[in-house]
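Here the structure is laid out as structure tokens; the discussion comes afterwards.
The values are calculated or read from the model by the stated rules, or taken from the named source; none is laboratory data. Quantities reported herein were computed from a predicted structural model and do not represent experimental measurements. Glycine also receives a Cβ, built like all others from the backbone with ideal geometry; neighbour counts cover every protein chain displayed. With ligands, DNA and RNA removed, areas are computed over all heavy atoms of the protein, side chains included. Shrake-Rupley method; radii C 1.70, N 1.55, O 1.52, S 1.80 Å.
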Amino acid sequence: MNNNNHRRKVCVVLVDRANYGRLKPVMKAIAAHPNLELQVLAAGTMVLERFDQPVKVVRSDGFPVDGEIYIELEGSTPATMAKSVGFGVVEFASEFQRLKPEVVLLIGDRYEALAASIAAAYMNVCIAHIQGGEVSGSIDESARHAISKFAHFHFPSTKRSADYLLRMGERPDSILGVGCPSSDIAREMDRQLTEEIINGRGSGSVIDLARPFLLGIFHPTTTEYGGERDQMEALLAALGEVQQQTVMLWPNIDAGSDHVSKAIRMFRDHVKPAWLRTLINLPPEEYLKVLANTACAVGNSSSFVRDAGYFGTPVVLVGNRQEGREIDQHVTRVQPVCNDIKRAIRSQLAHGSYAPSKLYGDGHVSRQIADRLAALKPYIQKRLNFVKEPEAQVQVRALLAERDLAIWAT
């Protein structure tokens, strides 16, 4: 940076528990960087009591929170999601005006992050986006690409994602690195799982860590709104037939989540499964410890695709929420049909752990992101940068060679 005394203000936007889990190592790297100043805004389910206020974990981890934004309209329907985006644009605009960040850092595909990107872009604030260029189901697919088009700089998680961003018309020199930062936590953490992590919170059966257990997470697919309760009931029926002790996390706040939660409550009350324990929330490292130690993860969380691979954890990916995501050998895809889910779980349990995958990062991502944030030259006006495919490949390879990004070198 030209002025050695100037510390660039980078505002990190947190909107849910998974969001924070992936951004935490980046926040540590930003806070430690001599040329950067960390700002933190918490919004979405991060601040809601019924999600156990994950923002409290952020503060306990030592990060100052510069603002809390309440934007979620109750109801968990497509209409309330759309209205929450509108509230988000208003509230984020107010906070950006107050904090005056030079760069807003966003991750993923949440509608709350989309609201932040709209506000920042219309206020001429430079945006950096992590995890752009990926493919999935649900409205997340559209939100992710919309955020990428508002963003001025990109940190995609995979080589394919970087290529897709180029095909979307993004400038080659706007792609500053590759890899998912959650791999940094996975690499550094102690994977030992204690009783307190699982049995010290939540409700239901006590999980015996000396025996294999399953991890279940099922979020609604918003583009299939109305069918999520049947899908969750099929998943629960399959778990009931497998009869393996299971840790189940409650779903996110997307349209249909109330129906998913109701299916879990009805199953719990009527069937009274002696094998099921439900949890509201886990801090990032503790969640990854559970994911690393489970015998099989079942459901449709994106962490099952990216984070589980780093541990080699077997996964049964249910339904279309993650349709199109890059997956490694640890993932078996099935539709939300009881018998299909049951067979896939039993097959994965029989297989056991897989070789670790570095598809989504090698565990050395966050410091690279902080360094690039400090060195980038902010700009405001975006334009399409369409190039012919052979030219795009040449530009990508030249860019990678120049920056010596080893994970891209193949």
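Anything in segment 173-213 that is of a type in the set (Val, Ile, Thr) and open to solvent by less than 50 Å² (accessible area, probe 1.4 Å)? List them, or say none.
The answer is ILE175, VAL178, ILE185, ILE197, ILE198, ILE207.
The rows are residues; the columns are (1) aliphatic (A, V, I, L, M); (2) surrounded by 22 or more Cβ atoms within 10 Å (Cβ to Cβ); (3) at pLDDT 95 or above; (4) in contact with a His (Cβ under 6 Å, 6 or more places away or on another chain).
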site: CYS296; (1), (2), (3), (4): no, yes, yes, no
site: GLY299; (1), (2), (3), (4): no, yes, yes, no
site: ARG306; (1), (2), (3), (4): no, yes, no, no
site: VAL316; (1), (2), (3), (4): yes, yes, yes, no
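Do we have any residue at all in segment 283-292 that's more than 16 Å from the chain's Cα centre (by Cα), of a type in the set (A, V, I, L, M) and not in a helix (DSSP H, G or I)?
Within segment 283-292 (the criterion being more than 16 Å from the chain's Cα centre (by Cα), of a type in the set (A, V, I, L, M) and not in a helix (DSSP H, G or I)), the answer is no, since none of the residues qualifies.
Could you look through segment 340-382, keep only residues that are open to solvent by 90 Å² or more (accessible area, probe 1.4 Å) and touching a residue at least 40 places away in the same chain (Cβ under 8 Å), and pick out the one that is farthest from VAL318 (Cα to Cα)?
ILE380
Going through ILE369, ILE380 one at a time, which residue ends up being within 23 Å of the chain's Cα centre (by Cα) and either assigned to a loop (DSSP other than H, G, I, E, B) or of a type in the set (A, V, I, L, M, F, W, C) (or both)?
Step by step, each of ILE369, ILE380 is checked, and only ILE369 is within 23 Å of the chain's Cα centre (by Cα) and either assigned to a loop (DSSP other than H, G, I, E, B) or of a type in the set (A, V, I, L, M, F, W, C) (or both).
Given (1) modelled with pLDDT of 95 or more; (2) assigned to a helix (DSSP H, G or I), identify the lone condition not met by ALA186.
ALA186 satisfies all of (1) modelled with pLDDT of 95 or more; (2) assigned to a helix (DSSP H, G or I) except (1).
Which of the helices (runs of 4 or more DSSP H) contained wholly in segment 27-132 include at least 2 residues that are closer than 30 Å to LEU166 by Cα, modelled with pLDDT of 95 or more and touching a helix residue (DSSP H, G or I) at 6+ places or on another chain (Cβ under 6 Å)?
78-99, 111-122
If we scan segment 346-353, do we find a residue that is at pLDDT 95 or above, part of a helix (DSSP H, G or I) and small (Gly, Ala, Ser)?
Yes, some residue in segment 346-353 is at pLDDT 95 or above, part of a helix (DSSP H, G or I) and small (Gly, Ala, Ser).
What are the residue pairs meeting all of these: first residue in segment 226-237, first residue over 10 Å from VAL337 (Cα atoms), second residue open to solvent by 40 Å² or more (accessible area, probe 1.4 Å), Cβ atoms under 7 Å, and 6 or more apart or on different chains?
Once the first residue is over 10 Å from VAL337 (Cα atoms) and sits in segment 226-237, its partners that are open to solvent by 40 Å² or more (accessible area, probe 1.4 Å) give GLU228/HIS259; ARG229/HIS259; ARG229/LYS262.
Would you tally the residues in segment 247-270 being open to solvent by 10 Å² or more (accessible area, probe 1.4 Å) and among the polar types (S, T, N, Q)?
Residues meeting the conditions: 2.
If you go through segment 46-68 one residue at a time, do you hit one that is open to solvent by less than 20 Å² (accessible area, probe 1.4 Å), touching a Gly at 6+ places or on another chain (Cβ under 8 Å) and touching a residue at least 12 places away in the same chain (Cβ under 8 Å)?
Scanning segment 46-68, I find no residue that is open to solvent by less than 20 Å² (accessible area, probe 1.4 Å), touching a Gly at 6+ places or on another chain (Cβ under 8 Å) and touching a residue at least 12 places away in the same chain (Cβ under 8 Å), so the answer is no.
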